[in-house]
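One structure is given below, encoded as structure tokens.
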Amino acid sequence: MRHGANRETVSLRIPCAADAKALVAAVQASCDQLSVWLPWATADYGDDTAIQWIDGAFGASHRFVIETGGQLLGCGFLSRFDRLHRSAHLGYWVRTDRTRQGYATAATRLMTRFALGPGAFERVEIRVAVGNLASRRVAEKSGATFEGIARNGFCLHGVMHDVCVFSFVRGDAIPNAPRSFLSVREGS
Ligand SMILES: CC(C)(COP(=O)(O)OP(=O)(O)OC[C@H]1O[C@@H](n2cnc3c(N)ncnc32)[C@H](O)[C@@H]1OP(=O)(O)O)[C@@H](O)C(=O)NCCC(=O)NCCS
């Protein structure tokens with residue numbers, strides 16, 4: 001499965017315990033930007049929390065590290081599985097010093113292809129706070145369909161936010177791009 005971001009090869013793979021240090025470093029280096037939209041990204045994010053996330057302790061999900069040249073750039077995830085209606089939510093973050101290079105978009109396309117693969121989900125939803133312009137752009141560029149706004153869809157830091165709802169469903173065209181791939185094997 002191949003997609004891409006700019007000129008570098010981007011890969012997604014299942015995280016392992018050895019990723020914890022790089023994960024903590026990326027979160028801490030990006031805390032100011034991440035925490036606005038992802039309240040778990042606090043300054044005291046540490047090894048224990050990273051290991052818990054890697055191990056799937058925060059609920060059923062598929063978790064991926066996004067990397068290039070062996071450097072962890074961020075993470076992506078499929079979560080909130082609804083087995084009855086065959087849907088999942090898709091999320092992502094990228095360390096601040098590596099943003100605006102297409103990585104989140106490439107990761108979104110790869111995860112969507114995985115999620116809508118044979119026997120998997122029928123719908124992938126991306127929910128983005130209205131004010132999160134960068135993430136909205138990622139959803140748009142990835143090829144997701146904008147469905148509308150869910151009023152008061154997120155509570156972030158005690159404040160309600162309207163939420164843009166984007167989706168992919170089976171049969172949608174997912175734009176292609178070179179130089180990226182997803183591995184569902186654990187580790188690097
Ligand atoms: C959102 C995020 C994942 C984007 O990662 P990224 O690797 O920079 O994404 P991409 O490079 O694929 O695309 C980003 C797009 O947003 C645009 N963008 C970035 N900041 C923007 C802003 N403040 N206003 C408008 N557009 C913006 C970029 O220009 C780019 O669009 P372009 O290619 O048309 O120029 C990253 O900024 C991040 O981790 N943010 C904090 C966590 C977060 O919000 N996660 C999503 C929760 S729903």
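The values are calculated or read from the model by the stated rules, or taken from the named source; none is laboratory data. This structure is a prediction, so every number in the text was calculated from the model and none was measured. A quick note on method: Cβ atoms are made from the backbone with ideal geometry, for glycine too, and the neighbour counts reach across all protein chains shown.
Of the numbered criteria (1) more than 30 Å from Ala18 (Cα to Cα); (2) at pLDDT below 95; (3) buried (at least 21 other Cβ atoms within 10 Å of the Cβ), the one Phe166 fails is (2). For the range 32-72, a residue qualifies if it is among the small types (Gly, Ala, Ser), in contact (Cβ under 8 Å) with a residue 40 or more places away in the chain and under 20 Å from Ser11 (Cα atoms), and the qualifying residues are Gly69, Gly70.
Condition check for Gly102 on (1) more than 6 Å from the ligand (Cβ to nearest atom); (2) in contact with a strand residue (DSSP E or B) (Cβ under 8 Å, 6 or more places away or on another chain): one failure, at (1). A residue that is within 22 Å of Val165 (Cα to Cα), at pLDDT below 95, in a strand (DSSP E or B) and more than 14 Å from the ligand (Cβ to nearest atom) occurs somewhere in the range 59-73.
Within the range 102-132, if we keep just the residues that are surrounded by fewer than 19 Cβ atoms within 10 Å (Cβ to Cβ) and over 15 Å from the mean Cα position of the chain (by Cα), the residue that is nearest to Ala41 (Cα to Cα) turns out to be Gly131. Checking each residue in the range 130-174 for being in contact with a helix residue (DSSP H, G or I) (Cβ under 6 Å, 6 or more places away or on another chain) and within 11 Å of the ligand (Cβ to nearest atom) picks out Asn132, Val138, Lys141, Ser142, Cys164, Phe166. Across the range 79-99, the number of residues qualifying as surrounded by 16 or more Cβ atoms within 10 Å (Cβ to Cβ), away from the ligand (no atom under 13 Å from the Cβ) and of a type in the set (A, V, I, L, M) comes to 1. Close contacts from the range 14-27, counting a first residue that is farther than 12 Å from Gln71 by Cα and a second that is of a type in the set (Phe, Trp, Tyr), with Cβ to Cβ under 8 Å and a gap of 6+ residues or different chains, come to Ile14/Phe64; Pro15/Trp53; Pro15/Phe64; Val24/Tyr45; Val27/Tyr45.
Going through the range 117-164 one residue at a time, which ones are charged (D, E, K, R) and either closer than 18 Å to Ser79 by Cα or part of a helix (DSSP H, G or I) (or both)? Those that are charged (D, E, K, R) and either closer than 18 Å to Ser79 by Cα or part of a helix (DSSP H, G or I) (or both): Glu122, Arg123, Glu125, Arg127, Arg136, Arg137, Glu140, Lys141. Identify, from the list Asp48, Asp32, Asp44, the residue that is of a type in the set (Asp, Glu), more than 13 Å from the ligand (Cβ to nearest atom) and assigned to a helix (DSSP H, G or I). The unique qualifying residue is Asp48. For residues in the range 108-127 being aliphatic (A, V, I, L, M) and touching a Ser or Thr at 6+ places or on another chain (Cβ under 8 Å), which is nearest to the ligand (Cβ to nearest atom)? Per the criteria, the residue is Ile126.
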